[in-house]
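**Student:** Right, I'll just put the structure down here and ask away after.
The values are calculated or read from the model by the stated rules, or taken from the named source; none is laboratory data. None of these values were measured; they are calculated from a predicted model. Every residue, glycine among them, receives a Cβ derived from its backbone with ideal geometry; neighbour counts consider all protein chains shown.
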Amino acid sequence: MSSVLISASLQPFVEREVSSGKFRSPAEVVEAGLRLLQDRERRLEALRDEIQEGLDNLDDGQGILLPDETAQHDFFEAIKSEGRAALKGPTT
């Protein structure tokens with residue numbers, strides 16, 4: 001088992017989380033944070049893969065023509081909305 005030093009600025013937060021009963025120990029708080037970081041990294045990697053796939057498709061001549069500013073705006077707003085929803089993760 002590794003030992004981790006928690007910075008003075010984060011120590012009160014960790015103590016509050018443990019004293020609230022959400023976690024039994026500081027180690028559990030750190031583990032929860034690491035799981036969140038791991039999940040974030042997985043989602044970012046998946047997003048990078050999707051971006052690369054899109055770039056590869058464009059290189060292969062696959063794409064769409066957006067004929068005017070309204071079509072471009074609508075297209076990019078839909079993409080932003082999907083991206084925000086993906087970053088939030090699954091809803092329960």
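**Student:** Pick out the one residue from A85, A46, A8 that is hydrophobic (A, V, I, L, M, F, W, C), modelled with pLDDT of 95 or more and within 22 Å of the chain's Cα centre (by Cα).
**Tutor:** Among A85, A46, A8, only A46 is hydrophobic (A, V, I, L, M, F, W, C), modelled with pLDDT of 95 or more and within 22 Å of the chain's Cα centre (by Cα).
**Student:** I'm trying to understand the selection: among the residues of the range 14-59, which are surrounded by 12 or more Cβ atoms within 10 Å (Cβ to Cβ), among the hydrophobic types (A, V, I, L, M, F, W, C) and more than 20 Å from R84 (Cβ to Cβ)?
**Tutor:** Within the range 14-59, V14, V18, F23, A27, V29, V30, A32 qualify.
**Student:** Search the range 60-78 for residues being exposed (fewer than 10 other Cβ atoms within 10 Å of the Cβ) and aliphatic (A, V, I, L, M), and hand back the single one that is nearest to R42 (Cα to Cα). Lay out the reasoning, then the answer.
**Tutor:** Of all residues in the range 60-78, those exposed (fewer than 10 other Cβ atoms within 10 Å of the Cβ) come to 60-62, 64-65, 67-70.
Subsequent filtering for residues that are aliphatic (A, V, I, L, M) retains 64-65.
Details: I64: 29, L65: 32 Å.
Applying the filter and picking the extreme gives I64.
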